[in-house]
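Here's the structure, in structure tokens; my notes come after.
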Amino acid sequence: MAKHVVITGANRGIGLNLCQQYLQLGWQVTAVVRKPSAELRALDTKIISDIDVANSDDIASLAKQLHGYKIDLLINNAGIFHNETLAEMDFDGIEQQLAINAVAPIRVTHALLQSLGVDAKVAMITSRLGSISDNDSGGYIGYRMSKAALNAASVSLAHELKSKNIAVGLFHPGFVQTQMVNFAGDISPETSAERLIQRIEELNLSNTGGFWHSNGEPLAW
């Protein structure tokens, strides 16, 4: 039986390319989105739409729709990005990033625990901007906060899920040419997805809770 991966934020960019590449590897793919793109609809995936990962009712609906399905890999990819500085502060934007980037991946994982099988994996698509020791420029206050919070929560999750034989990995995708950064990245979504798949394949219970760049470099906290 084919392995089953569930990917949030799958309608474009990294998420869409993860769907494409896991399909090519023979996986069963479930794409979780608010609104599916034409590119996603063209793929042979199960699409669960109208899901806002920050909405508790939507996540309850997601869990209900996946009830009875075994999940081998959950990729929490959905996220948003803003750049707040002291000169241009947006507290509503900060709260939105915390809700979507930090709380939502934990909410989704918690809701889908019933479907995560033995030896399942959870991949958190985070960012090196969540590294406190790596911050030598300032800026991106809300985004940095949200990813640092996600990292902290994911390490706790890794400890708690280890007894269930579920490994949790934290992965920086690289500076990727996506709409989120106005396509200003230095690697393509295809390359990022390929690297992420390699890193997820290497994830196991002995390195659960680790924080890596998609190129394989361990990242500092």
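The values are calculated or read from the model by the stated rules, or taken from the named source; none is laboratory data. In this text the structure is predicted, and so the values were computed from the model without any measurement. Neighbour counts run over all protein chains shown; Cβ positions are idealised from the backbone, glycine included.
Here are the numbers:
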{"read-out": "Identity of the residue in the range 59-80, surrounded by fewer than 18 Cβ atoms within 10 Å (Cβ to Cβ) and not basic (Lys, Arg), that ends up nearest to GLY169 (Cα to Cα)", "value": "ILE80"}
{"read-out": "Selected residue [among the aliphatic types (A, V, I, L, M) and within 19 Å of ASN11 (Cα to Cα)] from MET89, MET124", "value": "MET124"}
{"read-out": "One residue from SER163, SER137, SER206, SER131 being in contact with a helix residue (DSSP H, G or I) (Cβ under 9 Å, 6 or more places away or on another chain) and of a type in the set (Ser, Thr, Tyr)", "value": "SER131"}
{"read-out": "Residue that is nearest to ASN77 (Cα to Cα) [pool: residues in the range 113-168 that are outside any helix (DSSP H, G or I) and of a type in the set (S, T, N, Q)]", "value": "THR126"}
{"read-out": "Count of residues meeting criterion [within 21 Å of SER61 (Cα to Cα), modelled with pLDDT under 95 and polar (S, T, N, Q)] in the range 88-143", "value": "1"}
{"read-out": "Among the residues listed as LEU43, LEU62, LEU18, LEU74, the single one being among the aliphatic types (A, V, I, L, M), in a loop (DSSP other than H, G, I, E, B) and either touching a Ser or Thr at 6+ places or on another chain (Cβ under 6 Å) or touching a residue at least 24 places away in the same chain (Cβ under 8 Å) (or both)", "value": "LEU43"}
{"read-out": "Given (1) among the aromatic types (Phe, Trp, Tyr); (2) touching a residue at least 60 places away in the same chain (Cβ under 8 Å); (3) not in a helix (DSSP H, G or I), number of the condition PHE171 does not satisfy", "value": "(2)"}
{"read-out": "Subset of the range 1-17 [under 14 Å from ALA42 (Cα atoms) and hydrophobic (A, V, I, L, M, F, W, C)]", "value": "ALA10, LEU16"}
{"read-out": "Contacts under 8 angstrom Cβ, first residue in the range 127-143 being touching a residue at least 40 places away in the same chain (Cβ under 8 Å), partner part of a helix (DSSP H, G or I) and of a type in the set (Val, Ile, Thr), 6 or more apart", "value": "ILE141/ILE94; GLY142/ILE94"}
{"read-out": "Among (1) at negative phi; (2) surrounded by fewer than 21 Cβ atoms within 10 Å (Cβ to Cβ) - the single one GLY139 does not satisfy", "value": "(1)"}
